[in-house]
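S.K.: Below is one structure. I have some questions about it.
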Amino acid sequence: VLGVFGWFGSDDLRCAIQLLDDMDVLQSGKGLGFVWVELEDIRIYSCYFSPSKNLEEFTDFTEALESSVRQATTGTVVAGDFNAHAPGWGSPFLCPRGYVLEEMAASLQLIPRNEGSVPTFIRSGSFIDVTFASTEVIRKFVNWRVIEDQPYSDHRGIYFNIATRNPILHDQTKG
(Lines give C-alpha, C1' and ligand atoms only; values in the text may rest on other atoms or scores of the structure.)
Protein backbone atom coordinates (compact mmCIF):
# COMPACT_ATOMS: atom_id res chain seq x y z
CA VAL A 1 0.00 0.00 0.00
CA LEU A 2 1.54 3.30 -1.07
CA GLY A 3 1.83 5.87 1.65
CA VAL A 4 2.80 3.24 4.19
CA PHE A 5 6.31 3.47 5.64
CA GLY A 6 8.88 2.11 3.22
CA TRP A 7 6.78 2.49 0.04
CA PHE A 8 7.44 5.07 -2.69
CA GLY A 9 5.28 5.23 -5.84
CA SER A 10 5.35 6.94 -9.22
CA ASP A 11 2.88 9.71 -10.13
CA ASP A 12 0.80 7.25 -12.17
CA LEU A 13 1.10 4.49 -9.50
CA ARG A 14 2.44 2.05 -12.14
CA CYS A 15 5.70 1.35 -10.31
CA ALA A 16 7.02 1.50 -6.77
CA ILE A 17 9.98 0.97 -4.52
CA GLN A 18 9.61 -0.82 -1.22
CA LEU A 19 12.38 -0.57 1.35
CA LEU A 20 12.35 -3.66 3.50
CA ASP A 21 14.76 -2.44 6.17
CA ASP A 22 14.95 0.75 8.17
CA MET A 23 17.09 2.57 5.59
CA ASP A 24 17.79 6.28 5.67
CA VAL A 25 16.21 7.87 2.60
CA LEU A 26 18.10 11.09 1.88
CA GLN A 27 15.78 12.15 -0.96
CA SER A 28 13.05 10.74 -3.15
CA GLY A 29 11.26 11.79 -6.30
CA LYS A 30 8.83 10.60 -8.92
CA GLY A 31 7.36 11.18 -12.33
CA LEU A 32 5.06 9.42 -14.76
CA GLY A 33 6.41 5.88 -15.04
CA PHE A 34 9.27 6.20 -12.55
CA VAL A 35 10.09 6.69 -8.90
CA TRP A 36 13.45 7.01 -7.15
CA VAL A 37 15.01 6.98 -3.71
CA GLU A 38 18.47 8.10 -2.70
CA LEU A 39 20.25 6.06 -0.04
CA GLU A 40 23.80 6.75 1.14
CA ASP A 41 25.75 7.06 -2.10
CA ILE A 42 23.25 5.66 -4.59
CA ARG A 43 20.03 6.69 -6.31
CA ILE A 44 17.77 3.80 -7.29
CA TYR A 45 14.98 4.08 -9.89
CA SER A 46 12.03 1.78 -10.49
CA CYS A 47 10.39 2.24 -13.90
CA TYR A 48 7.44 0.97 -15.89
CA PHE A 49 6.25 1.81 -19.40
CA SER A 50 3.11 0.23 -20.84
CA PRO A 51 3.37 -1.81 -24.05
CA SER A 52 0.12 -0.21 -25.27
CA LYS A 53 1.58 3.31 -25.56
CA ASN A 54 3.19 4.62 -28.74
CA LEU A 55 6.79 5.50 -29.57
CA GLU A 56 6.24 9.25 -29.13
CA GLU A 57 4.95 8.64 -25.59
CA PHE A 58 7.93 6.37 -24.92
CA THR A 59 10.30 9.10 -26.10
CA ASP A 60 8.60 11.63 -23.79
CA PHE A 61 8.93 9.14 -20.92
CA THR A 62 12.65 8.54 -21.54
CA GLU A 63 13.29 12.30 -21.82
CA ALA A 64 11.65 12.90 -18.42
CA LEU A 65 13.56 9.96 -16.93
CA GLU A 66 16.84 11.20 -18.41
CA SER A 67 16.26 14.68 -16.99
CA SER A 68 15.70 13.20 -13.54
CA VAL A 69 18.77 10.93 -13.70
CA ARG A 70 20.95 13.87 -14.78
CA GLN A 71 20.09 15.59 -11.49
CA ALA A 72 21.60 12.75 -9.45
CA THR A 73 24.83 13.55 -7.64
CA THR A 74 25.46 9.91 -6.71
CA GLY A 75 25.85 6.59 -8.48
CA THR A 76 22.63 5.49 -10.14
CA VAL A 77 20.69 2.29 -10.80
CA VAL A 78 17.73 2.41 -13.20
CA ALA A 79 15.66 -0.77 -13.25
CA GLY A 80 12.27 -1.64 -14.61
CA ASP A 81 9.89 -3.04 -17.18
CA PHE A 82 10.48 -0.85 -20.21
CA ASN A 83 8.76 -3.12 -22.74
CA ALA A 84 11.73 -2.50 -25.02
CA HIS A 85 13.91 -5.03 -26.85
CA ALA A 86 17.64 -4.70 -27.55
CA PRO A 87 20.58 -7.12 -27.78
CA GLY A 88 22.35 -5.10 -25.07
CA TRP A 89 20.13 -6.75 -22.46
CA GLY A 90 19.58 -10.15 -24.02
CA SER A 91 16.92 -9.69 -26.69
CA PRO A 92 17.66 -11.26 -30.09
CA PHE A 93 16.44 -8.09 -31.89
CA LEU A 94 16.31 -4.32 -31.60
CA CYS A 95 12.93 -2.54 -31.66
CA PRO A 96 12.37 1.24 -31.91
CA ARG A 97 11.81 1.52 -28.15
CA GLY A 98 14.99 -0.43 -27.54
CA TYR A 99 16.89 1.99 -29.74
CA VAL A 100 15.50 5.01 -27.83
CA LEU A 101 16.29 3.38 -24.48
CA GLU A 102 19.83 2.46 -25.59
CA GLU A 103 20.42 6.05 -26.70
CA MET A 104 19.18 7.41 -23.37
CA ALA A 105 21.35 4.97 -21.41
CA ALA A 106 24.41 5.78 -23.52
CA SER A 107 23.93 9.52 -23.04
CA LEU A 108 23.84 8.95 -19.26
CA GLN A 109 26.71 6.43 -19.34
CA LEU A 110 24.42 3.76 -17.89
CA ILE A 111 25.45 0.17 -18.56
CA PRO A 112 22.95 -2.73 -18.82
CA ARG A 113 23.57 -5.17 -15.97
CA ASN A 114 21.39 -8.02 -17.22
CA GLU A 115 23.28 -11.31 -17.28
CA GLY A 116 22.52 -14.79 -18.52
CA SER A 117 20.01 -16.15 -20.98
CA VAL A 118 16.84 -16.43 -18.87
CA PRO A 119 14.01 -14.26 -20.26
CA THR A 120 12.41 -11.82 -17.84
CA PHE A 121 8.93 -12.06 -19.42
CA ILE A 122 7.59 -15.61 -19.44
CA ARG A 123 4.67 -15.42 -21.89
CA SER A 124 6.74 -14.37 -24.91
CA GLY A 125 10.19 -15.39 -23.68
CA SER A 126 11.28 -11.74 -23.93
CA PHE A 127 13.95 -9.65 -22.28
CA ILE A 128 12.01 -6.44 -21.55
CA ASP A 129 12.98 -5.88 -17.90
CA VAL A 130 16.32 -4.10 -17.72
CA THR A 131 18.70 -3.06 -14.96
CA PHE A 132 21.14 -0.24 -15.79
CA ALA A 133 23.93 1.07 -13.56
CA SER A 134 26.23 4.06 -13.72
CA THR A 135 29.97 3.50 -13.81
CA GLU A 136 30.22 4.46 -10.12
CA VAL A 137 27.89 1.60 -9.21
CA ILE A 138 28.65 -1.10 -11.80
CA ARG A 139 31.61 -2.53 -9.90
CA LYS A 140 29.51 -2.77 -6.71
CA PHE A 141 26.96 -5.12 -8.31
CA VAL A 142 26.88 -8.64 -6.97
CA ASN A 143 24.73 -11.60 -8.03
CA TRP A 144 22.40 -10.09 -10.67
CA ARG A 145 20.00 -12.87 -11.69
CA VAL A 146 16.52 -13.67 -12.90
CA ILE A 147 14.44 -15.59 -10.37
CA GLU A 148 12.95 -18.48 -12.32
CA ASP A 149 10.53 -20.01 -9.84
CA GLN A 150 7.90 -17.31 -9.40
CA PRO A 151 4.42 -18.73 -9.94
CA TYR A 152 2.45 -15.51 -9.36
CA SER A 153 3.43 -13.34 -12.32
CA ASP A 154 4.21 -13.46 -16.03
CA HIS A 155 7.37 -11.44 -15.27
CA ARG A 156 10.21 -13.08 -13.46
CA GLY A 157 11.69 -11.19 -10.56
CA ILE A 158 15.17 -9.76 -10.78
CA TYR A 159 17.48 -10.04 -7.81
CA PHE A 160 20.78 -8.30 -7.18
CA ASN A 161 22.91 -6.90 -4.38
CA ILE A 162 24.74 -3.61 -4.36
CA ALA A 163 27.78 -3.65 -2.10
CA THR A 164 27.75 -0.43 -0.10
CA ARG A 165 28.62 0.24 3.51
CA ASN A 166 25.20 -1.30 4.28
CA PRO A 167 24.43 -3.78 1.44
CA ILE A 168 21.28 -2.98 -0.52
CA LEU A 169 19.22 -5.97 -1.55
CA HIS A 170 16.84 -5.52 -4.45
CA ASP A 171 14.09 -7.93 -5.34
CA GLN A 172 12.17 -6.58 -8.30
CA THR A 173 9.02 -8.66 -8.52
CA LYS A 174 6.21 -8.16 -10.96
CA GLY A 175 2.58 -8.45 -10.09
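S.K.: Sorted by average packing, counted as other Cβ atoms within 10 angstrom per residue and highest first, what order do 54-67, 93-106 take?
M.R.: Put in order of decreasing packing, that is 93-106, 54-67.
S.K.: For the range 1-111, which whole percent of the accessible surface, found with a 1.4 angstrom probe, sits on carbon and sulfur atoms?
M.R.: 52 percent
The values are calculated or read from the model by the stated rules, or taken from the named source; none is laboratory data. These numbers come from a predicted model, not from an experiment. Reconstructed Cβ throughout: ideal geometry from the backbone, glycine too, with neighbour counts over all protein chains shown. Just the protein is used for accessible areas: all its heavy atoms, side chains included, with ligands, DNA and RNA removed. Shrake-Rupley method; radii C 1.70, N 1.55, O 1.52, S 1.80 Å.
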